[in-house]
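Before any comments, here is the structure.
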Amino acid sequence: MNSLYYQKKLSRNVGDKFFTSLSVFCAFIAILPLIFVVTYILIKGGAQINSDLFTLEPNPPGDDLDAGGINPALIGTLIITTIASIIAIPVGVGGGIYLAEYSKGGPFSKFIRFGVNVLAGVPSIIAGVFIYALIVSTKILFGSMYSGLAGGMALSILMLPTVIKTTDEGLKLVPNELRYASLGIGASMYTTILKITLPSAFRSIATGVVLGIARAAGETAPLIFTALFSYYYIVGFEDLFYEMGSLAVLIYNFALEPYDAQNKLAWAASFILVISILSVNIFSRILAAFTETTKRV
Amino acid sequence: MIKTNKKIPKNIILSLEDVSISYGTFEAVKNVFCNFKRGDITSLIGPSGCGKSTVLRALNRMNDLIPNCSLKGTVLFDGTNIYDKRVDPVEVRRRIGMVFQQPNPFPKSIYENIAFGARINGFTGNMDELVESSLRKAAVWSECKDKLNDSGYSLSGGQQQRLCIARTIAIEPEIILMDEPCSALDPISTLKIEETMHELKKNYTIIIVTHNMQQALRVSDMTAFFNAIEYEDGDGGKVGYLAEFDSTKKIFNSPKEKTTQEYISGKFG
């Protein structure tokens with residue numbers, strides 16, 4: 001008979017200890033890149049932050065004295081992500097509503113769900129090439145080629161799957177009783193969705209939308225093919241139809257320059273990009289946590 | 001209007017004629033003939049799986065929302081077959097309201113819970129008055145009057161259920177269907193709901209599904225006893241049927257069927 005007391009030397013206990021420490025070690029390794037990347041960028045980029053950065057145009061590389069600021073790229077990123085949201089949110093939420101509320105699990109909805117999953121896995125550069133072929137090279141948008149508008153469209157393709165999926169899942173979490181309650185007093189499907197189910201799922205949908213925006217804002221590849229880059233201030237509406245700078249492409253361009261001033265600007269832009277994406281992610285976490293606590297009212 | 005030529009007595013508000021309901025290929029209940037009288041409370045009782053809730057949901061086309069659910073036969077409401085292709089189920093549900101097993105108020109204020117249904121039904125009168133009268137009729141006004149702007153969830157389970165009844169009353173239906181409205185409630189709340197039902201009887205026809213035979217005895221004028229039998233081919237599946245339909249007194253005191261007697265006395269169920 002074995003003793004009931006815990007025996008360290010027992011082979012199963014030794015194995016258990018070993019695998020526990022191994023998995024802890026792997027978990028630690030896994031988090032290292034994040035810690036290194038974020039701290040490195042915070043240190044390197046944080047040192048470059050000054051007020052000129054937010055207000056000036058970047059100077060063309062070669063002039064080694066002063067690199068200027070990233071104002072056009074910052075505004076450009078805001079505009080391009082806004083355009084992407086304007087396209088992706090209505091289409092994505094609408095599609096999600098169809099999947100969760102109207103579809104009855106037939107072949108069409110299965111096809112859409114499958115398609116959305118495939119779209120989520122499509123490399124971002126493909127989205128860029130697609131818009132390039134469809135819009136940029138054909139000059140279909142009032143004769144303009146590279147433009148902020150085209151950039152927004154490319155990013156909207158990347159946002160779509162996230163928005164559709166979270167809308168679909170958020171709506172599915174709304175208890176059926178609530179739908180029945182509304183339909184049972186003679187509300188139409190449309191009123192039920194608009195007035196009862198969508199508001200109930202609002203926060204989880206909003207969380208998904210915010211995550212989608214965060215993903216899109218940091219993309220470079222699709223923008224290289226579509227929005228390209230610009231050194232100049234965005235001054236008016238018509239600038240939408242011309243090349244537009246963005247933080248991600250600015251980093252890509254300037255980090256590869258041989259001049260120190262431009263490299264520093266790229267670090268500063270990285271800093272701002274990381275901070276904004278991080279805060280958007282944290283914001284969505286708070287939103288999600290808030291949803292969970294309010295659900296049990 | 002989509003009327004049939006058959007003569008139906010004026011006091012019959014709902015009439016089931018040879019109704020069979022299936023989920024996919026599985027037949028849940030078959031060959032139901034049943035007439036519901038205007039102004040009566042009719043209770044549907046029977047063991048689990050006998051299809052009484054299925055029949056109740058068929059009366060205002062809530063079964064449409066369940067995939068694969070299909071109905072054969074006719075359900076005549078005021079002489080109109082509500083399963084006719086030309087009938088709009090939304091309109092049917094406005095005339096035949098429903099209260100569910102679990103209290104399910106909307107995540108809105110108490111006031112909005114009542115006003116929502118009225119508003120979508122094109123109510124243009126005094127909304128404050130309607131909210132008050134509906135809550136009064138559902139016997140929950142005294143508990144709600146000081147917190148009309150609070151969430152419907154702030155009420156207790158029993159109060160929530162009466163709020164749901166008030167919400168249904170507010171759309172002025174002709175019939176109120178209740179699917180085990182008290183099964184999630186404590187005895188005191190149950191009693192209050194039953195009192196509410198007695199009040200409502202003056203203006204509405206009520207059809208209630210209940211597992212509680214004492215409740216059927218207390219509240220209803222007519223009782224329909226549903227039972228389930230195994231299929232003739234004997235693969236273990238069961239199909240529901242209407243075993244006996246009579247006045248509540250007769251069902252509980254001198255039922256014609258042996259199974260009714262056995263169910264009433266608690267031998268199975």
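Points worth noting:
- Residues that are within 17 Å of A:Ala88 (Cα to Cα) and of a type outside the set (Val, Ile, Thr), drawn from the range A:110-148: A:Arg113, A:Gly115, A:Asn117, A:Leu119, A:Ala120, A:Gly121, A:Ser124, A:Ala127, A:Gly128, A:Phe130, A:Gly148
- Matching residues, the range B:148-168, being more than 23 Å from B:Lys52 (Cβ to Cβ) and in contact with a strand residue (DSSP E or B) (Cβ under 9 Å, 6 or more places away or on another chain): B:Leu148, B:Asn149, B:Asp150, B:Ser151, B:Gly152, B:Arg167
- The set of residues from the range A:191-200 being within 10 Å of chain B (Cβ to nearest Cβ) and out of contact with any helix residue (DSSP H, G or I) (no Cβ under 9 Å at 6 or more places or on another chain) comprises just one member, A:Pro199.
- B:Leu44 assigned to a helix (DSSP H, G or I), touching a helix residue (DSSP H, G or I) at 6+ places or on another chain (Cβ under 9 Å) and among the aliphatic types (A, V, I, L, M): no
- Test for A:Gly94: is it crowded, with 19+ Cβ neighbours inside 10 Å and part of a helix (DSSP H, G or I): no
- Residue that is out of contact with any Lys or Arg (no Cβ under 6 Å at 6 or more places or on another chain), closer than 16 Å to B:Glu199 by Cβ, in contact (Cβ under 8 Å) with a residue 24 or more places away in the chain and more than 11 Å from chain A (Cβ to nearest Cβ), where the choices are B:Arg136, B:Arg162: B:Arg162
- Residue selected from the range B:70-84 under the condition without any contact (Cβ under 8 Å) to a residue 60 or more places away in the chain and outside any strand (DSSP E or B), by the criterion surrounded by the fewest Cβ atoms within 10 Å (Cβ to Cβ): B:Tyr83
So that you can scan it fast, the table gives a plain yes or no per residue for (1) more than 20 Å from A:Ala248 (Cα to Cα); (2) surrounded by fewer than 19 Cβ atoms within 10 Å (Cβ to Cβ); (3) at pLDDT 90 or above:
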position: A:Gly148; (1), (2), (3): no, no, no
position: A:Thr167; (1), (2), (3): yes, no, yes
position: A:Gly184; (1), (2), (3): yes, no, no
position: A:Ile193; (1), (2), (3): yes, no, yes
position: A:Phe225; (1), (2), (3): no, no, no
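- Matching residues in the range A:114-142 - criterion: being among the small types (Gly, Ala, Ser) and in a helix (DSSP H, G or I): A:Gly115, A:Ala120, A:Gly121, A:Ser124, A:Ala127, A:Gly128, A:Ala133
- Checking the range B:110-132 against the condition returns a match, with at least one residue being in contact with a strand residue (DSSP E or B) (Cβ under 8 Å, 6 or more places away or on another chain) and buried (at least 17 other Cβ atoms within 10 Å of the Cβ).
- Of the residues making up the range B:85-97, those that are buried (at least 20 other Cβ atoms within 10 Å of the Cβ) and either in a helix (DSSP H, G or I) or touching a Lys or Arg at 6+ places or on another chain (Cβ under 8 Å) (or both) are B:Val92, B:Arg93, B:Arg94.
- Here B:Cys182 fulfils each of the conditions (1) in contact (Cβ under 8 Å) with a residue 60 or more places away in the chain; (2) touching a Ser or Thr at 6+ places or on another chain (Cβ under 6 Å) apart from (1).
Yes or no, residue by residue, for (1) more than 22 Å from A:Leu240 (Cα to Cα); (2) surrounded by 11 or more Cβ atoms within 10 Å (Cβ to Cβ); (3) over 27 Å from the mean Cα position of the chain (by Cα); (4) touching a residue at least 40 places away in the same chain (Cβ under 8 Å):
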residue: A:Gly15; (1), (2), (3), (4): yes, no, yes, no
residue: A:Lys44; (1), (2), (3), (4): yes, yes, no, yes
residue: A:Gln48; (1), (2), (3), (4): yes, yes, no, yes
residue: A:Gly62; (1), (2), (3), (4): yes, no, yes, yes
residue: A:Asn71; (1), (2), (3), (4): no, yes, no, yes
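- Single residue of the range B:105-115 satisfying the filter (part of a helix (DSSP H, G or I) and under 21 Å from the mean Cα position of the chain (by Cα)) that is nearest to A:Ser200 (Cα to Cα): B:Asn113
- The set of residues in the range A:166-180 being in a helix (DSSP H, G or I) and aliphatic (A, V, I, L, M) consists of A:Leu171, A:Leu173, A:Leu178.
- Considering the range A:181-297, the qualifying helices (runs of 4 or more DSSP H), each wholly inside and each with 3 or more residues that are more than 19 Å from A:Thr167 (Cβ to Cβ), run over A:221-226, A:247-255, A:260-295.
- Residues of the range A:2-13 satisfying the condition of being surrounded by fewer than 10 Cβ atoms within 10 Å (Cβ to Cβ) and either modelled with pLDDT of 95 or more or assigned to a helix (DSSP H, G or I) (or both): A:Ser11, A:Arg12
- Some residue of the range B:32-40 being modelled with pLDDT under 90 and within 14 Å of another protein chain (Cβ to nearest Cβ): no
- When the range B:85-104 is filtered for residues that are under 12 Å from the mean Cα position of the chain (by Cα) and more than 7 Å from chain A (Cβ to nearest Cβ), the ones remaining, listed by number, are B:Ile96, B:Val99, B:Gln101.
- In summary, A:Ala154 fulfils each of the numbered conditions (1) more than 21 Å from A:Ile86 (Cβ to Cβ); (2) in contact with a Pro (Cβ under 6 Å, 6 or more places away or on another chain); (3) not aromatic (Phe, Trp, Tyr) with the single exception of condition (1).
- Of the residues making up the range B:53-67, one or more are over 25 Å from B:Ala170 (Cα atoms), within 13 Å of chain A (Cβ to nearest Cβ) and either assigned to a strand (DSSP E or B) or not small (Gly, Ala, Ser) (or both).
- Qualifying residue in the range A:163-181 (condition: under 27 Å from B:Arg57 (Cβ atoms), hydrophobic (A, V, I, L, M, F, W, C), facing chain B (nearest Cβ under 10 Å) and free of Cβ contacts under 8 Å to residues at least 24 places away in the same chain): yes
- For the range A:175-221, the set of residues classified as farther than 17 Å from A:Thr81 by Cβ and among the acidic types (Asp, Glu) consists of A:Glu177 only.
- Residue under evaluation B:Ile82, criteria (1) among the β-branched types (Val, Ile, Thr); (2) touching a helix residue (DSSP H, G or I) at 6+ places or on another chain (Cβ under 6 Å); (3) within 14 Å of chain A (Cβ to nearest Cβ); (4) within 26 Å of B:Ser189 (Cα to Cα), criterion not met: (4)
The values are calculated or read from the model by the stated rules, or taken from the named source; none is laboratory data. Because the structure is predicted, anything quoted here is derived from the model rather than measured. Every residue, glycine as well, gets a Cβ built from its backbone with ideal geometry; the counts of neighbours run over all protein chains shown.
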